[in-house]
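Novice: After the structure tokens below, expect a handful of questions from me.
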Amino acid sequence: MDGERTMGGARGEERRLTCVLCPAGCDLMVTAPEVTGGRCPKGRDYALKELTAPTRTLTTTVRVEGAKPDRLPVRTLGEIPKEAVRRGVRALDAVVVVAPVRLGQVIVDDLLGFGVPVVATRDLPATRDLPATPGRIARDG
Ligand code: SF4
């Protein structure tokens, strides 16, 4: 979630952000390096990082073979640069996992070379024992 709003004129020095680190959602006024409006010191760190090197946790799904549903929700185990999120999603589009998958299982060791792994966010058992459903033929073995 982005909460940046630019204030002022051409100089663009003054910015307002909503801190998203906790439910308080403090409105931060930033005139770097001054940050006001946060109820705790984390707000200042958040605002300065957001304006200089923003990062995000990437959440998406990858394709799964041998399970229903055939998409597995995954997330980065840490944050990557915000500007790399779309590239990360595209890279994960090419990943195919074979069921069964366990919650927390590492799906990609190091996404885009940022040293951040991608993990499964749910268990996904293999479905070959499931009964046949309309439009689907259960296979033996
Ligand atoms: S500044 Fe502190 S209290 Fe306010 S939203 Fe951020 S983390 Fe929460």
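Novice: Tabulate in residue order the Karplus-calculated ³J(HN,Hα) for the range 33-47, using 6.51 cos²θ - 1.76 cosθ + 1.60 with θ = phi - 60°, rounded to whole Hz; enter x for Gly and Pro.
Specialist: Using θ = phi - 60°, the values come out as x, 7, 9, 10, x, x, 7, 8, x, 4, x, 5, 4, 4, 5 Hz.
Novice: Next up: Given the alpha-carbon gyration tensor of the range 59-120, what are the semi-axes of its equivalent ellipsoid in whole angstrom, ordered largest first, with each equal to the square root of 5 times an eigenvalue? Mind showing how you got there, number by number?
Specialist: Numbers: eigenvalues 81, 27, 15 Å².
Output for the range 59-120: semi-axes of 20, 12, 9 Å.
Novice: I've got another one for you. Residue separation times 0.36 nm, minus the C-alpha to C-alpha distance between Ala91 and Ala126: what's the value?
Specialist: Values: separation 35, 0.36 × 35 = 12.60 nm, distance 2.41 nm.
That pair, Ala91 and Ala126, stretches by 10.2 nm at full extension.
Read-outs throughout are calculated quantities, based only on the coordinates presented, and are distinct from any laboratory measurement. Only a predicted model underlies this, so the values are computations on that prediction, with no experimental measurement involved.
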